[in-house]
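Here's the structure, in structure tokens; my notes come after.
The values are calculated or read from the model by the stated rules, or taken from the named source; none is laboratory data. Quantities reported herein were computed from a predicted structural model and do not represent experimental measurements. FYI the Cβ positions are ideal-geometry reconstructions off the backbone, even for glycines, and counts take in every protein chain you see. Ligands, DNA and RNA are stripped out before the accessible areas are found, and what is left, the full protein with its side chains, is counted by its heavy atoms. Shrake-Rupley method; radii C 1.70, N 1.55, O 1.52, S 1.80 Å.
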Amino acid sequence: AQSVTQLDSHVSVSEGTPVLLRCNYSSSYSPSLFWYVQHPNKGLQLLLKYTSAATLVKGINGFEAEFKKSETSFHLTKPSAHMSDAAEYFCVVNNYGQNFVFGPGTRLSVLP
Amino acid sequence: GAGVSQSPRYKVAKRGQDVALRCDPISGHVSLFWYQQALGQGPEFLTYFQNEAQLDKSGLPSDRFFAERPEGSVSTLKIQRTQQEDSAVYLCASSDGTGARNQPQHFGDGTRLSIL
């Protein structure tokens, strides 16, 4: 079975400071991993994906994530937060089957 | 091009009524997925179509939930005899692969269903 843990339900940072959103996964196979962002009353937008190529993945809007198999982690980072980054972030694992399994989400607040 | 379109954006129904939610996937996308997102939680898988074939419906919570995609494009999620616990946002997603595990899914804005 596959599952996703997002260790923080809420993260608050000041504008211009680094962002770290943590994700750990459980998977029986070599997984594909994704990060999605959801702004209020909107659908989910893909930030980046890992599919067994480079372990450091760069996404849109300055976000990146590093796949660490030994730690079963796929943490999302950004060097400098912007007010527009405030949203809900979901880590997603996809195994051999078709279904995406979502984490519970981390709400990112960016303070001026 | 156009993204995934869902209608209506908001639906209010009385307990016991039937509702139908529509999804227009990205043109040409083979795979279509439905998810249920309860307030404050991540989306949970409901069902998956490859063209018109419903290959996985393991996430449908009860036999009151029914989904179809008769011509392999537009899909409808129907909920019969709605209950208050059905209140949630229903998300539709499509992808252009045959569900290969490294294919990202493109999501619509969802339908927010409220059962009174």
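Observations on the structure shown:
- Of the residues A:N95, A:N61, the single one that is within 14 Å of chain B (Cβ to nearest Cβ) and surrounded by fewer than 21 Cβ atoms within 10 Å (Cβ to Cβ) is A:N95.
- Among the candidates A:S52, A:S3, A:S14, the residue that is modelled with pLDDT under 95 and in contact with a strand residue (DSSP E or B) (Cβ under 7 Å, 6 or more places away or on another chain) is uniquely A:S3.
- Listed here are the strands (runs of 3 or more DSSP E) enclosed by the stretch B:12-53 that have at least 3 residues being within 11 Å of chain A (Cβ to nearest Cβ) and open to solvent by 10 Å² or more (accessible area, probe 1.4 Å): B:44-50.
- Residue within the stretch B:63-81 that is within 10 Å of another protein chain (Cβ to nearest Cβ) and open to solvent by 20 Å² or more (accessible area, probe 1.4 Å) present: no
- Inclusion of B:S87 among residues that are farther than 24 Å from A:C23 by Cβ and loosely packed, with under 14 Cβ neighbours inside 10 Å is not warranted.
- Qualifying positions in the stretch A:26-49 - more than 9 Å from chain B (Cβ to nearest Cβ) and part of a strand (DSSP E or B): A:S26, A:L33, A:W35, A:V37, A:L47, A:L48
- All positions within the stretch A:1-25 that are polar (S, T, N, Q), assigned to a loop (DSSP other than H, G, I, E, B) and closer than 18 Å to A:P79 by Cβ: A:T17
- Being more than 25 Å from B:S5 (Cβ to Cβ), in contact (Cβ under 8 Å) with a residue 40 or more places away in the chain, part of a loop (DSSP other than H, G, I, E, B) and out of contact with any Phe, Trp or Tyr (no Cβ under 8 Å at 6 or more places or on another chain) holds for only one residue in A:A54, A:A81, and it is A:A81.
- Counting only strands (runs of 3 or more DSSP E) that sit wholly inside the stretch B:56-116, those with at least 1 residues that are farther than 20 Å from A:L44 by Cα are B:65-68, B:75-79, B:111-115.
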